[in-house]
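Reviewing the structure listed below.
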Amino acid sequence: MPQLIPGLYQVGKPRFTDSRGSFHKILCDSPAGFEELVFDEIYWSTSGTGVARGMHFQVPPFHGRKLVFATTGLVRDMIVDLRVGSPTFHQVWQTDLASTTAGVLIPSGCAHGFIVIEGPATLVYAQEGTYNFEADTGINVNSIHFNDSIPKYESLSQRDLDLPYLSDFSSPFVFEEFKYPDWNKEL
């Protein structure tokens, strides 16, 4: 289902449950009007209650979309649009992710992070493109004005604390409206 930020989708339904447990379909088709999704890397992180991670992204030419979902725990997931010219430039979108919720397809040009509400929490990431240390960066979570209250975090890495503030970040991302022809319509 499309969300406030162009190219941002909640994905991952339906969920099948029976006496053995549950089975989740994370993604079966690309959202309407988008080029095919090809994931080059898949990885996960596990974090305890009160841990914050983010707000991360890779700069061009190493940027790409990410599919993120939780397999354990509960996190407040947060995305910030960094694409110059986007109708939602610098706007924040938040949702809670758990094993019972949809995942999030994050468009290229958006920062991503989360705070663990109930841990341990495991997030799985499928990413277009490969990780590049020199292109990996982010925005300091303390510089972002969230739409509603976020849980207090108890732990944030020194790397994340040293990230630039949103107001000091010169974005290399440019919004290309033609990439999101159906962003305001339901799938």
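General remarks:
- Close pairs from the stretch 81-105: first touching a residue at least 60 places away in the same chain (Cβ under 8 Å) and under 16 Å from PHE57 (Cα atoms), partner part of a strand (DSSP E or B) and of a type in the set (S, T, N, Q), Cβ under 8 Å, at least 6 apart: VAL104/GLN10; VAL104/THR95; LEU105/GLN10
- Looking only at the stretch 63-74, and only at residues there that are in contact with an Asp or Glu (Cβ under 8 Å, 6 or more places away or on another chain) and not in a strand (DSSP E or B), the one that is surrounded by the fewest Cβ atoms within 10 Å (Cβ to Cβ): GLY64
- Checking each residue in the stretch 99-132 for being farther than 16 Å from TRP44 by Cα, of a type in the set (Gly, Ala, Ser) and crowded, with 24+ Cβ neighbours inside 10 Å picks out GLY109, ALA111.
- Qualifying residue in the stretch 137-146 (condition: under 25 Å from GLU36 (Cα atoms), among the hydroxyl-bearing types (Ser, Thr, Tyr) and under 17 Å from the mean Cα position of the chain (by Cα)): no
- Candidates ALA70, ALA135: the one that is closer than 18 Å to TRP44 by Cα and of a type in the set (Gly, Ala, Ser) is ALA70.
- Checking GLY54 against (1) farther than 19 Å from PHE173 by Cα; (2) in a strand (DSSP E or B), the condition it does not meet: (1)
- Of all residues in the stretch 75-98, those satisfying the criterion of being crowded, with 21+ Cβ neighbours inside 10 Å and closer than 22 Å to ARG15 by Cβ are VAL75, ASP77, LEU97.
- All conditions but one from (1) modelled with pLDDT under 95; (2) within 15 Å of the chain's Cα centre (by Cα); (3) acidic (Asp, Glu) apply to GLU35; the one that does not is (2).
- Among the numbered conditions (1) within 16 Å of the chain's Cα centre (by Cα); (2) modelled with pLDDT under 95; (3) surrounded by 14 or more Cβ atoms within 10 Å (Cβ to Cβ), the only one that SER30 does not meet is (1).
The values are calculated or read from the model by the stated rules, or taken from the named source; none is laboratory data. The structure presented is a predicted model; accordingly, all values stated were derived computationally and were not measured. Cβ sites come from the backbone with ideal geometry, for glycine too, and all protein chains shown count toward neighbours.
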